[in-house]
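One structure below.
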Amino acid sequence: MLRDLQLRNFRCFPAIAAEFSSGFNFIVGANGQGKTTLLEAACVLLRLQSQRAATMAPALRAGEKSFVVSGHIEEHLLQFYYSTLRRKVALDGVEQRDLADYLAFLRVVSFANNDLDLIRGAAETRRRFLDFIGSQVDVRYRPALRVYERALRARNALLKSPHPRPRELTAYTEPLVKAGRSLGEMRAALVRRLRPAAEASHHAISGNESLALDYVPGNEEDFAAHLERAQAEDARLRLTTVGPHRDDLCLFVREMSAAQFASEGQQRTAALALKLAQARLLAEEAEGPPLLLIDDIFGELDASRRNALLAALPNESQKLITATSLDWRESAWDGPVLELAGGEIRPRG
Ligand SMILES: Nc1ncnc2c1ncn2[C@@H]1O[C@H](COP(=O)(O)OP(=O)(O)O)[C@@H](O)[C@H]1O
Ligand SMILES: [Mg+2]
């Protein structure tokens, strides 16, 4: 479990530190006090990426050049230093080059209001969702994604140049195809694992509606052949038109497209079910249950769904839950309450 967390020059906080317990932890504060920021810092520390932004730059406190986030997982000290020039990851005071050991410490699932984008948003949101889980369950995922993205960027840059030479293009084909294939296989396997968990989670919070997931690859089975066939089209559009960067995850509520036909309430439920499925999937892993970051979603849910959600969370998981108030809380969800105001955090009472 995450015992404590320290932030320096991270978004609104010049400096703040908090301690956590196992099980439920409630963080209460008015709008703009930094609740989301605190959870973001936990995610940045543990996963080296933000759940709210694609890059770290926006997390840098305005006017500052670097931030530091640190914390303890049991007796181990994790530290992440970020500046526009450099980033540094340290475990027990030792800088880490290979991040595998560091990233193996604790996995994270984050629940937030914008989870609705998983249903309504662009395919990119769903790919990021898969990537976030994939990087946590398979050590090969992150490297494959990196290689693929690099090859794709280079190939697209070449396609945009005035006179791309076919021979130069083929130089990028091999890494693109190799990494793309393994990425596709890992994503397909991930969706196969997510499916039963998502169905069960959806059932638990919606009563009796069905939820189905479908992985839709952005390329045909033979990626290399597809890429070759797409060459003329790629040259005309000056970008790579097939591949895992075009993958999608399609969702169906009662066998109808969730994005097109589900009601707002059904969409929220489907988004929650996806996140719960992620939590359950990670909880099955040998490394132990994930940390759950649950950001201010209770205002959006009616009382029965709030309780159904809390009841459906993996029992063994540590939970950091933010809210503007706790008047809805039932006695079953017991845990320390931390009050966040004026840049300071204090245990209530
Ligand atoms: N890079 C930044 N530098 C300074 N302040 C920031 C930065 N990013 C966000 N903030 C401020 O942090 C405050 C807290 O935001 P947030 O964590 O979203 O609050 P909450 O979730 O409690 O509503 C906001 O007032 C926002 O303006
Ligand atoms: Mg917030």
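Observations on the structure shown:
- Across T241, T36, T269, mean-square fluctuation computed from a Gaussian network of the chain (C-alpha pairs under 10 Å connected) peaks at T241.
- Principal axis dimensions, largest first and in whole angstrom, of segment 172-331 by Cα: 63, 38, 28
- Restraint check, K65/K160; K65/K275; K65/K319; K65/K88, Cα-Cα greater than 24 Å: K65/K160; K65/K275; K65/K319
- Each part gets one Cα centre, and for segment 24-44 versus segment 158-237 those centres are 34 Å apart.
- In sequence order, calculated HN-Hα J values of segment 206-213 (Karplus, 6.51, -1.76, 1.60; Hz; x Gly/Pro): 9, x, 9, 7, 9, 10, 10, 10
- Near F24, the amide H atoms lying under 5 Å from its own belong to K319; only residues 5 or more places off or on other chains count, and H is placed 1.01 Å from N.
- Over all pairs of different C-alpha atoms in segment 246-349, the reciprocal of the mean inverse distance, the Kirkwood hydrodynamic radius, equals 15.9 Å.
- Segment 247-258 - phi-based ³J(HN,Hα) in whole Hz, Karplus 6.51/-1.76/1.60, Gly and Pro as x: 5, 9, 10, 9, 10, 10, 9, 6, 6, 10, 3, 5
- Radius ratio Rg over Rh of segment 134-221, counting only Cα atoms, Kirkwood formula for Rh: 1.17
- Karplus-derived 3J(HN,Hα) values for segment 313-326, using 6.51 cos²θ - 1.76 cosθ + 1.60 with θ = phi - 60°, are 5, x, 4, 6, 6, 6, 10, 10, 10, 9, 6, 7, 8, 10 Hz; glycine and proline are entered as x.
- Computed on the Cα atoms alone, the convex hull of segment 178-265 gives a volume of 110 cubic angstrom per residue.
- Distance cut-off 18 Å, percentage of C-alpha pairs in segment 286-340 lying past it: 31
- Per residue convex hull volume, Cα atoms of segment 57-105, in Å³: 84
- Selected from S182, S304, S201 as most flexible by GNM, with the chain as the system and alpha-carbon contacts under 10 Å: S304
- Debye intensity ratio I(q)/I(0), log10, the chain, q values 0.08, 0.09, 0.13 Å⁻¹ (C-alpha model): -0.43, -0.54, -1.07
Each reported figure results from applying straightforward, stated rules to the coordinates on display, with no laboratory input. Model, not experiment: these values are computed from the prediction.
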